[in-house]
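Some notes on the structure that comes next.
Every number in this text was worked out from the coordinates using simple rules, so none of it is lab data. Keep in mind the model is a prediction, meaning the values are calculated, not measured. Cβ placement follows ideal geometry from the backbone for every residue including glycine, while neighbour counts extend to all protein chains displayed.
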Amino acid sequence: MSVLVQNVSKSFGATLAIDNVSFDLAENSFVSIVGPSGCGKSTLLRMAAGLVQPTQGSIVVRGKPVDRPIRDVGMVFQAPTLLPWRTTLGNILFVAEMGGERVATHRPRAGELIKLAGLAGFERSYPHELSGGMQQRAAICRAMLLKPTLILMDEPFGALDIITRERMGFALQTLWDESRSMVLFVTHSISEAVLLSDTVIVMTPRPGRIRDVVAIDLPRPRRNATLRDPRFVELSARVRDGIESQWVE
């Protein structure tokens, strides 16, 4: 497995946030983590990036223990965090500049990502000239520009309205299909997790433990019709039951 999370626990002072969590990501896989607020989903992402160290256990990416911030990772947050003085193209190319790469080398790929994201014609637009969904698509393109081994997404569509959020899911699927980086995706949306993922990990309330691991066997590419597929409904119900059952035990 290319990302291996083994027996990871994390405490903040006397508070145990995550308890004995283990899972893995295979190459080219898309894994979502769902669970109630405060269960440690975002902390898991930060540990995978090397920004926070586990109290116990280990995380290994392509055979290398994560004991410091890793470079070969793309991150997408709930807010797009675009630079207001840069255009769409300039924001996407920013990661190449920060990495000491020759920017001109990455312009063709940036252009391809812009087209896939439905941003063609907005290359020279500034963030304030873009809708929230367009800004987030630009942020995703930026994360994917250098084809990182691992992309970490922390509730990237959480600030968007329901209709835009659904469209963003399909846009992300198109972009991911082009890059096939490993993705670890945090969301509160069950339908979003099932639509996008190969595997959905269901977490318990704090301290976060793994309640269920649901393999998503829906064929790709997934379209609007997928949302009405009986198998989609069945898988969504299993994830929902895994979350809701925790409140009645």
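Only one of (1) out of contact with any Lys or Arg (no Cβ under 8 Å at 6 or more places or on another chain); (2) assigned to a helix (DSSP H, G or I); (3) touching a residue at least 40 places away in the same chain (Cβ under 8 Å) fails for LEU184. Which number is that?
Condition not satisfied by LEU184: (2).
Quick one: how many residues across segment 106-128 are loosely packed, with under 10 Cβ neighbours inside 10 Å and either within 21 Å of TRP176 (Cα to Cα) or free of Cβ contacts under 8 Å to residues at least 40 places away in the same chain (or both)?
The total comes to 1.
Are there any helices (runs of 4 or more DSSP H) wholly within segment 34-140 with 2 or more residues that are more than 25 Å from LEU16 (Cβ to Cβ), and if so which?
Here the list reads 88-98, 103-116.
Counting just the residues of segment 143-170 that are small (Gly, Ala, Ser) and surrounded by fewer than 18 Cβ atoms within 10 Å (Cβ to Cβ), which one comes out farthest from the chain's Cα centre (by Cα)?
Restricting to residues being small (Gly, Ala, Ser) and surrounded by fewer than 18 Cβ atoms within 10 Å (Cβ to Cβ), the top hit is ALA159.
Condition check ((1) within 23 Å of LYS41 (Cβ to Cβ); (2) surrounded by 16 or more Cβ atoms within 10 Å (Cβ to Cβ)) across all residues:
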site: ARG211; (1), (2): yes, yes
site: THR226; (1), (2): no, yes
site: PRO230; (1), (2): no, no
site: GLY242; (1), (2): yes, yes
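Do any residues in segment 42-71 that are within 20 Å of PRO156 (Cβ to Cβ) have Cβ atoms under 7 Å from those of residues that are crowded, with 16+ Cβ neighbours inside 10 Å and acidic (Asp, Glu), where the two are at least six apart or on different chains, and which pairs are they?
From residues that are within 20 Å of PRO156 (Cβ to Cβ), the pairs are SER42/ASP154; LEU45/ASP154.
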